[in-house]
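I have placed the structure first, in the form of structure tokens, so that the comments after it can refer back to it.
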Amino acid sequence: MHRIEGYVIVSADGMIADANGVMPDSIRNPADQHFFQAGLDETAVVVHGRHSHEGGPRTARRKRLVVTRQIATTAPDPAHPNSLLWNPTGATLEEAIEQLGAGDGAVAIIGGTEVFSMFLPRYDTFYLSRAANAKIPGGRPVFHEVGPTATPEDVLMRHGLKPGPRRDLDAAAEVSLVTWER
Ligand SMILES: NC(=O)c1ccc[n+]([C@@H]2O[C@H](COP(=O)([O-])OP(=O)(O)OC[C@H]3O[C@@H](n4cnc5c(N)ncnc54)[C@H](OP(=O)(O)O)[C@@H]3O)[C@@H](O)[C@H]2O)c1
């Protein structure tokens, strides 16, 4: 079994994007990007929905599963040789990783809402960054369960994860990181 690790940056109110599915600049931060990209470099596979590609110069060399309902099980991604399209209702994560030809190592889950939520029972580690001075009213939450009565922390705790200490990634911008472990 592979280790499963989640990576996200959320606003103060637990959102990853605005109501139109666009990630605003208010939650983008260079120190967080550096942490995120360096983490992905250490993982065997990156997993995300069709709109959550991480971008950046090293993306093409990373093995990835792109979650989609447009195919029944798995299918090659003609435009990207290191990618496999994957429908989780038709093939398990392990089957998809095997077909992708990825080696041992951690699997990085990088969004969006539905993909983050789907892996809640399985995270070994969840890297929760927060831009404390940004709010996205009416935005898209990191997990479906996040709302007026539940924070991302409540949801992680509910699913059996425990927080480590808070660490500043960029104190001036009020961006911090808490690593949650099962
Ligand atoms: N702040 C952050 O750290 C962070 C992290 C991730 C994303 N984001 C932002 O959030 C926005 C995108 O969010 P999103 O929720 O729309 O995007 P998403 O999960 O990347 O893409 C949604 C698409 O993924 C596929 N999908 C998702 N769940 C699936 C499932 N269970 N089974 C099969 N296919 C599934 C579907 O593709 P098909 O239509 O092909 O079937 C769906 O249309 C973007 O702006 C992104 O930049 C921010």
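Working note: Karplus 6.51/-1.76/1.60 with θ = phi - 60° gives the stretch 44-61 the couplings 7, 8, 9, 10, 7, x, 5, 9, 10, 4, 6, x, x, x, 9, 5, 5, 8 Hz, where Gly and Pro are set to x.
Heavy atoms of the protein chains alone define the surface here; on that basis the stretch 49-122 has 52 Å² accessible area per residue at 1.4 Å probe size.
Report, in deg cm²/dmol and to the nearest 500, the calculated mean residue ellipticity at 222 nm for the chain, where each DSSP H run with n ≥ 4 adds -39500 (n - 2.57) and the sum is divided by the residue count. Spell out each step's value before the answer.
Working: 4 runs with 33 residues, N = 182.
Helix contribution divided over all residues of the chain: -5000 deg cm²/dmol.
Each Cα pair under 8 Å and six or more residues apart adds its separation to the average, and for the chain the resulting relative contact order is 32 percent. Summarising the amide proton neighbourhood of LEU169: residues at separation of 5 or more, or on other chains, whose placed amide H is nearer than 5 Å comprise VAL175, SER176, LEU177. With a simple spin-label model that places each label point 7 Å from the Cα along the Cα-to-Cβ direction, the separation between HIS51 and HIS80 comes to 1.6 nm.
Of the accessible area of the chain, with the probe set at 1.4 angstrom, what percent is carbon plus sulfur?
C and S atoms contribute 53 percent here.
Taken about its Cα centre, the chain carries a charge dipole of about 140 debye when Lys and Arg each add +1 at the Cβ and Asp and Glu each add -1 at the Cβ. Label zone (LYS162, point 7 Å along Cα-to-C-beta; backbone nitrogen cut-off 16 Å) within the stretch 119-135: 124-126.
What FRET efficiency comes out for ARG182 versus THR149 if R0 is 22 angstrom and r is the Cβ-Cβ distance? Round to the nearest 0.05.
According to the calculation, E is roughly 0.40.
Which of THR43, THR92, THR151 moves most in a GNM of the chain, Cα contacts under 10 Å? Top of the fluctuation ranking is THR92.
In this calculation the C-beta distance from ARG58 to ARG122 is compared with R0 = 35 Å, giving a FRET efficiency of 0.90.
The values are calculated or read from the model by the stated rules, or taken from the named source; none is laboratory data. These numbers come from a predicted model, not from an experiment. Cβ atoms come from the backbone with ideal geometry, glycine included; neighbour counts cover every protein chain shown. These accessible areas exclude ligands, DNA and RNA; they are computed on the full protein's heavy atoms, side chains included. Shrake-Rupley method; radii C 1.70, N 1.55, O 1.52, S 1.80 Å.
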